[in-house]
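Reading through the structure tokens given below for one structure.
The values are calculated or read from the model by the stated rules, or taken from the named source; none is laboratory data. Not measured: the values here are computed from a predicted model. Positions of Cβ are backbone-derived with ideal geometry, glycine not excepted, and every protein chain shown enters the neighbour counts.
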Amino acid sequence: MDIFVGIVVGLFVLMFLVTAHEFGHFLMARKNGVRVLEFGICFPPRAIAWIKDPKTNKWRRYRRSEWKKDKITKAVISKGDDSGELAGRGMIFSLNWLPIGGFCQMDGESAADTREGTFGKASYWSKTKILFGGVMMNWLVAFIILTILAWTGMPEFLDNQFTVEADTRIDQTPVKITSVAEDSPAEQAGLKADDYILAINGVEVWKTDEITELNKANAGKEVTYTISREEWHDDAIECVDPPCPTFSELKTVTKELTATLNPADSEYLLGVTMSSEQAMSYSTWSAPIVGAGITLQVTGETFKGVGTMLWNLISGIGSQLSFDADVRETGKEAISNAGDSVSGPIGIIGVLFPAFTASGPANLAFLAAVISISLACMNVLPIPALDGGRWVLITIFKLRKKKLTREIEEKIVSRAFIVLLALIFIVTILDIVRIVR
């Protein structure tokens, strides 16, 4: 049931983020005088559609039975019409059945179109604003989500996550030992389940990863653990005539216990399982600053991750041409790392969203902000099928002072789109393989 709820939530979040992206295109198109033929939430088949009459400026609801009879709505509902017949006939707003995003269909989306009110007729600067309107909307959505989280409780996910120290309160619970293996260094040292690890050799620790790394660094050595635990203590009640009655009280005490860790090649070093609660930070007046700072931080990490992935992929493929077996093996690891660093729709909806939904609304909202930023970053990339690529294509032809014909544009964009679909297919297969194994 948790997985099902997570998948449903994931679909709605992705639908919202993609629709917000398309709404950015819609706003910029309207602001820059480009007609929008249809703005749709989700993808067809359609559930409900409204058409705005440009003469009366009123909306009329069209039922499915009317779509079949009305040639105008049928033309728009199919693929749109760039012939000019639909100019001035109004815009369609539709709610559709497939919850996989949204779309904004503009009049004359080819850069070669010359009719008034079309995307092609718009100036270069107007095209730029329209193409990047969706990207800016995704960054704005992420900023708003992260600003609200900064005020209500921001999960700590990033290393050196951006904060304003003068206006930040962090609530964090130490790492808790959940179980201790028999005859392990932990048991011999006196560590118990429900103990909280505060420090290792005097170094404060707050995450399980920090403890694991320090244990690895001290494999085979004697290590001092500062822990806190609750113990019952017998206290005497003051009285005149002894013996005085006693009572038991549960108190939190801090202790230092020394354990000699197993060697590095052992099954385990300390012999405990641990859990840690999510650290949360809270801000007041600096919430918008924190929201903007984390948006920039995640954006930088996203571009860095894309660069690392591409480098691993290119260097890995190139190394397969080497005659050195060790180089080829290193290349295989690089290719594997590139594949593991990418997650497609199946991985996001089927794995990430169920996990983050179960961990609470704050974590789910943080994931939504990260995905919104990822959508923005991906659409900035110079891939012809995406917004950034279309802008680069228009810019190149403008600098060359040559006309970008419909045939050339469609050929470049369609081929890039096929490659993009192939990559999505490969990533989806990798997602399924990771889930199955």
Review point. Is the stretch 354-367 home to any residue that is within 21 Å of the chain's Cα centre (by Cα), buried (at least 18 other Cβ atoms within 10 Å of the Cβ), modelled with pLDDT under 70 and not polar (S, T, N, Q)?
Key: yes
Exercise for review: Please determine, by comparing only the residues of the stretch 165-174 that are surrounded by fewer than 17 Cβ atoms within 10 Å (Cβ to Cβ), of a type outside the set (Val, Ile, Thr) and farther than 27 Å from Lys304 by Cα, which one is modelled with the lowest pLDDT.
Suggested key: Gln172
Exercise for review: Can you work out which of the residues in the stretch 180-207 that are free of Cβ contacts under 8 Å to residues at least 60 places away in the same chain and in a strand (DSSP E or B) is surrounded by the most Cβ atoms within 10 Å (Cβ to Cβ)?
Suggested key: Ile200
Practice item. Being modelled with pLDDT of 85 or more, more than 19 Å from Phe103 (Cα to Cα) and of a type in the set (S, T, N, Q) is the filter here, so list the residues in the stretch 368-424 that pass it. Key: Thr395
Check your understanding: List pairs: first in the stretch 382-410 and over 11 Å from Ala112 (Cα atoms) and part of a helix (DSSP H, G or I), second small (Gly, Ala, Ser) and at pLDDT 90 or above, Cβ under 8 Å, 6+ apart or cross-chain?
Key -> Asp387/Gly134
Point to revise | All positions within the stretch 97-119 that are in contact with a Ser or Thr (Cβ under 6 Å, 6 or more places away or on another chain) and surrounded by fewer than 22 Cβ atoms within 10 Å (Cβ to Cβ) | key: Ala112
Exercise for review: Could you pull out the residue among Phe132, Phe162 that is under 22 Å from the mean Cα position of the chain (by Cα), within 29 Å of Asn57 (Cα to Cα) and modelled with pLDDT of 90 or more?
Suggested key: Phe132
Practice item. Could you run through the stretch 100-121 and say how many residues are more than 19 Å from Glu407 (Cα to Cα) and either in contact with a Lys or Arg (Cβ under 6 Å, 6 or more places away or on another chain) or outside any strand (DSSP E or B) (or both)? Key: 2
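Residue-wise test of (1) surrounded by fewer than 16 Cβ atoms within 10 Å (Cβ to Cβ); (2) among the β-branched types (Val, Ile, Thr); (3) assigned to a loop (DSSP other than H, G, I, E, B); (4) out of contact with any Leu (no Cβ under 7 Å at 6 or more places or on another chain).
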residue: Ser126; (1), (2), (3), (4): no, no, no, yes
residue: Val135; (1), (2), (3), (4): no, yes, no, yes
residue: Leu158; (1), (2), (3), (4): yes, no, yes, yes
residue: Lys176; (1), (2), (3), (4): no, no, no, yes
residue: Asp209; (1), (2), (3), (4): yes, no, no, yes
residue: Asn215; (1), (2), (3), (4): no, no, no, no
residue: Thr226; (1), (2), (3), (4): no, yes, no, no
Check your understanding: From Val306, Val327, Val342, Val298, which residue is at pLDDT below 65 and either under 17 Å from the mean Cα position of the chain (by Cα) or of a type in the set (Ser, Thr, Tyr) (or both)?
Key -> Val342
Practice item. Filter the stretch 160-174 for residues that are of a type in the set (Asp, Glu) and assigned to a strand (DSSP E or B) and give the result. Key: Asp171
Review point. If Tyr268 passes every condition in (1) assigned to a loop (DSSP other than H, G, I, E, B); (2) crowded, with 16+ Cβ neighbours inside 10 Å; (3) at pLDDT 85 or above but one, which one does it miss?
Key: (2)
Review point. Of all residues in the stretch 5-60, how many are among the small types (Gly, Ala, Ser), part of a helix (DSSP H, G or I) and modelled with pLDDT under 90?
Key: 2
Check your understanding: How many residues are in contact (Cβ under 8 Å) with a residue 40 or more places away in the chain and either out of contact with any strand residue (DSSP E or B) (no Cβ under 7 Å at 6 or more places or on another chain) or over 17 Å from Pro288 (Cα atoms) (or both) if we restrict to the stretch 157-169?
Key -> 7
